[in-house]
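Worksheet for the structure shown next.
Just so it is clear, none of the values below were taken in a lab; they were calculated from the coordinates. Predicted model, so just to flag it, every value in this text is computed and none were measured. Positions of Cβ are backbone-derived with ideal geometry, glycine not excepted, and every protein chain shown enters the neighbour counts.
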Ligand SMILES: NC(=O)C1=CN([C@@H]2O[C@H](COP(=O)(O)OP(=O)(O)OC[C@H]3O[C@@H](n4cnc5c(N)ncnc54)[C@H](O)[C@@H]3O)[C@@H](O)[C@H]2O)C=CC1
Ligand SMILES: O=C(O)C(=O)[C@H](O)COP(=O)(O)O
């Protein structure tokens, strides 16, 4: 790219855009869900999140040479087509993995479902599932892992065995072809194998679970607890399914501020590495130094938040509930669940309400920003909270 200034078209929901890309040229912010080819007529760089389908229909005939998705998932990118066109692309592997793992523990805390003494099943053991497995191992909690691409995982098991565990966490990407497709990997047959009393947490991609089959099962009164962060047909999710799940959230498991900023920063780094933009940055408008600015939010984040920076005693003084209450002071997924249920009852069509909740998502910082403040906890609980990231 040899233009003095680049045109960067970006999803308006990407944080720190100015900090991370402002030195390169003109930033055009657009709603990600509705981007059109016409809007990319002058774009050199396209920055998206998971809601923009990036394919021939969007990009053919545009000058876009670099596509960056500030997300872990890549199922919205037609990577084959991009590569055939010589369009450089990058996603942000692992950027919000910690946020998703914290969502899992927060959901269990919200359900007052003590993880001690339970057995976990993990489906998909990459950055998210792998981090969850690492935390569980540190907590001395057994787990079984189904990931057909990782047969040597020390906890490797087949899917059936994983579905027999007490807490089943789904973190597989959406894969439609190849030897191990994940589309509807949990259909009626697999869902029927989940034990009564178990907890199913789906935080990978919605269509890994056949939502209709799940709805049928829940309608028939199956007694396992369901936590859905991801849904089929987002943003127009099935509101009857929402009514029947125990916790339902609008695809925000990865929405810690830390995770979102990491996504933006990783894409800037990928752009720099690609060589498509660095030279332009040097001859472009005077800059305070793009990459340094890009670090700024990180320095800000290293300060404890104004309030609350501490998780303090809550009146719940014993057992798992005390530990759960502390975690819920930091992040309580039931608040996201409530907002989604209220939105589903409101005047906006579901799809718009779902997207609006995601766009206006409140700032959420990860556990590592918090310190325990004089709560009455056992040594075991303190060490568990430390493993989860609190001091
Ligand atoms: N709810 C949310 O907010 C978020 C959801 N995600 C989703 O979670 C997915 C996983 O994230 P990462 O672990 O970071 O991705 P990753 O790419 O690091 O790991 C994915 C793992 O899934 C495995 N896998 C592939 N096909 C599978 C199948 N059919 N069955 C079981 N495992 C399979 C792969 O071998 C790999 O180890 C992402 O692809 C994304 O779709 C990611 C971040 C946030
Ligand atoms: O990183 C991913 O993959 C995710 O699922 C994101 O957290 C989803 O966020 P949006 O890209 O849809 O804002």
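Quick notes on this one:
- Across segment 23-130 the C-alpha pair distances fall into 10 Å bins from zero in the proportions 12, 36, 23, 16, 10, 2 percent.
- The chain: angle of helix 319-330 to the longest principal axis, Cα-based, in degrees nearest 10: 20
- Its Cα gyration tensor gives segment 8-78 an equivalent ellipsoid. The semi-axes, each the square root of 5 times an eigenvalue, are 17, 15, 10 Å from largest down.
- Restricting the calculation to alpha carbons of segment 334-384 gives Rg and Dmax of 17.2, 49 angstrom.
- Simple label model, 7 Å out from Cα along Cβ direction - residue 368 to residue 193, nm: 3.6
- Contact order normalised by residue count of segment 316-378, Cα under 8 Å, 6+ apart, percent: 49
- Unit Cα scatterers, Debye sum, segment 141-228: log10 I(q)/I(0) for q = 0.18 Å⁻¹: -0.77
- Translational D in µm²/s for segment 60-114 (Stokes-Einstein at 4 °C, 1.567 mPa s, Kirkwood Rh from C-alpha pairs): 95
- Short to long, the 5 Å bins of the Cα pair-distance histogram for segment 57-202 hold 2, 9, 17, 19, 17, 13, 9, 6, 5, 3, 1, 0 percent of all pairs.
- Structural descriptor for segment 135-267: relative contact order 18 percent, calculated from alpha carbon pairs under 8 angstrom and at least 6 residues apart.
- For the chain, the Cα-based Rg and Dmax, in that order, read 21.6, 65 Å.
- Across segment 86-139 the C-alpha pair distances fall into 5 Å bins from zero in the proportions 5, 16, 25, 23, 13, 7, 5, 3, 2, 1, 0 percent.
- Relative contact order of the chain, pairs being alpha-carbon contacts under 8 Å that are 6 or more residues apart, as %: 18
- Placing pseudo-labels 7 Å out from each Cα toward the beta carbon at residue 83 and residue 5 gives an inter-label distance of 3.6 nm.
- In the chain, helices alone account for a calculated mean residue ellipticity at 222 nm of -10500 deg cm²/dmol, with every DSSP H run of four or more residues adding -39,500 (n - 2.57).
- For the chain, the longest principal axis of the alpha carbon atoms and the long axis of helix 97-110 meet at an angle near 30°.
- Where labels lie 7 Å past Cα in the beta-carbon direction, separation of residue 243 and residue 34 in nm: 3.0
- Per-selection Kirkwood Rh - segment 217-258 (Cα, Å, 1 d.p.): 11.3
- Relative to the longest principal axis of the Cα atoms of the chain, the long axis of helix 350-359 makes an angle of roughly 80 degrees.
- Fluctuation leader among 13, 96, 116 - the chain, Gaussian network, Cα springs under 10 angstrom: 116
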